[in-house]
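Asker: This is the structure I want to talk about, given as structure tokens.
The values are calculated or read from the model by the stated rules, or taken from the named source; none is laboratory data. Just so it is clear, the structure is predicted and the values come from calculations on it, not from any experiment. Reconstructed Cβ throughout: ideal geometry from the backbone, glycine too, with neighbour counts over all protein chains shown. Each accessible area value is taken on the protein alone, full model and side chains, heavy atoms only, with ligands, DNA and RNA left out. Shrake-Rupley method; radii C 1.70, N 1.55, O 1.52, S 1.80 Å.
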Amino acid sequence: MEKEQMDFTDYTDPICPFCTDQFKKQPPVHPIPTGRVLEKLDEHLGKNDYDSAERHLLYWLGEAEDGRDRHGMLTIENELMGLYRKTNRKEKALESVKEALSLVDELKLNNAVVAGTTYTNAATVYKAFTMPEESIKLFEQAKTIYEKELSSDDSRLGGLYNNLGLTLTDLKRFDEAVKYYSKAMKVMSQNKNGELEIAITYLNLCDLYEAKLGSEESEKIIDEYIEKAHELLNRDYLPRNGYYAFVCEKCAPTFGYFGRFLYEKELSNRAREIYERN
């Protein structure tokens, strides 16, 4: 016996003849090539070319928006908030923070590692623009995610602890800050070229002890940590790349602040030479 052919109405529910929702289709998502985008971004940053970096990121943000690639948009907004923080553009940085946090919620990523990274980046922006109360909340959220999802030697965890120490110092919670700086150094000591981050931590500790004890009482501790940081930055095996130049440039003013003007000049010149070479 021949099977009876089913009609469309046999396997669909009755609908209003004036309703057109069933005919609406969402256009497909066209993901941006995030790997290539970040690789090109690193080239611009390696040359200290922030204008080109911004144009590059804004172009791909537009492409991600047009392609309905929300994950790609989140990646770009994370990079933009860091770029705007480095170039001291508060309004744009805070706008990228708002967009990134909104995307995390929209994509329901709140317990994923990418959310921890977004919270860390956003908290760092708040820290840079003297908003420690907003910063500490996001750092705590990031810590909860990172400590659960990452291995104990992951460099992202070390970076988080370092930044958390900075915010705790701003809040005058010095003992807690020291604890997290210690955690940061332990993590980074297990990472290749982690000496750069450890050097930054030693300089952060100089700021902490001056704030906690005053210039005179902290002088001996600061002298010790300054020399340790300088020795780490001068290790011959560290690659003289764009990130190394960035760290030298970042650390140089702290050496100058504590009276090590030759160290400051040395590191500033080294950073400039690397940027020019790249």
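Asker: Starting from the 7 Å offset along Cα-to-Cβ, what nm value, one decimal, do you get for the label separation of residue 150 and residue 257?
Answerer: With each label point 7 Å from Cα toward Cβ, the separation is 2.4 nm.
Asker: Another question about this same structure. Hey, if we sort 236, 49 by accessible area with the 1.4 Å probe, largest down, what's the order? List each step's numbers first, then the result.
Answerer: Details: 236 140, 49 55 Å².
Sorted by accessible area, descending: 236, 49.
Asker: Still on this model: Cα centroids of the stretch 100-170 and the stretch 20-97: how far apart, whole angstrom?
Answerer: Taking the Cα centre of each part, the stretch 100-170 and the stretch 20-97 sit 19 Å apart.
Asker: A further question follows. Counting GluC sites (Glu not before Pro) as exposed when in a DSSP loop with at most 15 other beta carbons within 10 Å, what is the longest stretch of the chain free of them? Working shown, then result.
Answerer: Numbers: sites that count: 2, 4, 216, 217.
My reading of the result: 5-215 is the longest stretch.
Asker: Run the helix sum for the chain: -39,500 (n - 2.57) per DSSP H stretch of 4+ residues, divided by residue count, reported at 222 nm to the nearest 500 deg cm²/dmol. Could the numbers behind the result be given before it?
Answerer: Working: 12 runs with 196 residues, N = 278.
Estimated from H runs of four or more residues: -23500 deg cm²/dmol.
Asker: Roughly what % of Cα-Cα distances in the stretch 180-252 sit above 19 Å, to the whole percent? Before the final figure, lay out each step's value.
Answerer: On the way: 922 of 2628 pairs.
When every Cα pair of the stretch 180-252 is considered, 35 percent fall beyond 19 Å.
Asker: Tell me the trypsin sites (Lys or Arg not before Pro) within the stretch 191-223 that lie in a loop according to DSSP and have at most 10 other beta-carbon atoms within 10 Å.
Answerer: Numbers: sites: 192, 212, 220; in loops: 192.
Passing sites in the stretch 191-223 are 192.
Asker: Pick out, in residue order, every one of the trypsin sites (Lys or Arg not before Pro) in the stretch 230-261 that is DSSP loop and has at most 12 other C-beta atoms within 10 Å; say none if there are none. Provide the component values of the computation, followed by the final result.
Answerer: Numbers: sites: 235, 240, 250, 260; in loops: 235, 240, 260.
Taking the stretch 230-261 and a limit of 12 other Cβ atoms within 10 Å, the loop trypsin sites (Lys or Arg not before Pro) found are 235.
Asker: Additional query: Provide Rg over Rh for the chain; use the alpha carbon set for both Rg and the Kirkwood Rh (inverse mean inverse pair distance). All intermediate terms of the calculation are to be shown ahead of the outcome.
Answerer: Working: Rg = 24.3 Å, Rh = 21.3 Å.
Rounded to two decimals, Rg over Rh is 1.14.
Asker: Let me ask something else about it. For the stretch 63-194, what's the relative contact order in percent, using C-alpha pairs closer than 8 Å and at least 6 residues apart?
Answerer: Working: 152 pairs, mean separation 22.6, N = 132.
Reported as a whole number, the value is 17 percent.
Asker: Note down the Stokes-Einstein diffusion coefficient of the stretch 138-240 in µm²/s, whole number, using a Kirkwood radius over alpha carbon pairs, 10 °C, and 1.306 mPa s.
Answerer: On the way: Rh = 14.1 Å.
Translational diffusion coefficient: 113 µm²/s.
Asker: Please work out how much length the chain gains when fully extended from residue 58 to residue 179, using 0.36 nm per residue of separation minus the C-alpha to C-alpha distance, in nm with one decimal. Write out the running numbers ahead of the final one.
Answerer: Details: separation 121, 0.36 × 121 = 43.56 nm, distance 3.87 nm.
Full extension from residue 58 to residue 179 adds 39.7 nm.
Asker: Testing the spin-label approximation: label points 7 Å from Cα along Cα→Cβ at residue 221 and residue 30. State their distance in nm.
Answerer: Once both label points are built, they end up 5.7 nm from each other.
Asker: Another question, then. Read phi for every residue in the stretch 113-126 and hand back ³J(HN,Hα) as whole Hz from Karplus 6.51 cos²θ - 1.76 cosθ + 1.60, θ = phi - 60°, with x for Gly and Pro.
Answerer: Listing the rounded values in order: 4, 4, 5, x, 5, 5, 4, 5, 5, 5, 4, 5, 5, 4 Hz.
Asker: What does a probe at residue 50 reach in the stretch 248-271, counting residues whose amide N is under 16 Å from the point 7 Å along Cα→Cβ?
Answerer: Of the residues in the stretch 248-271, 248-253 have backbone N under 16 Å from the label point off residue 50.
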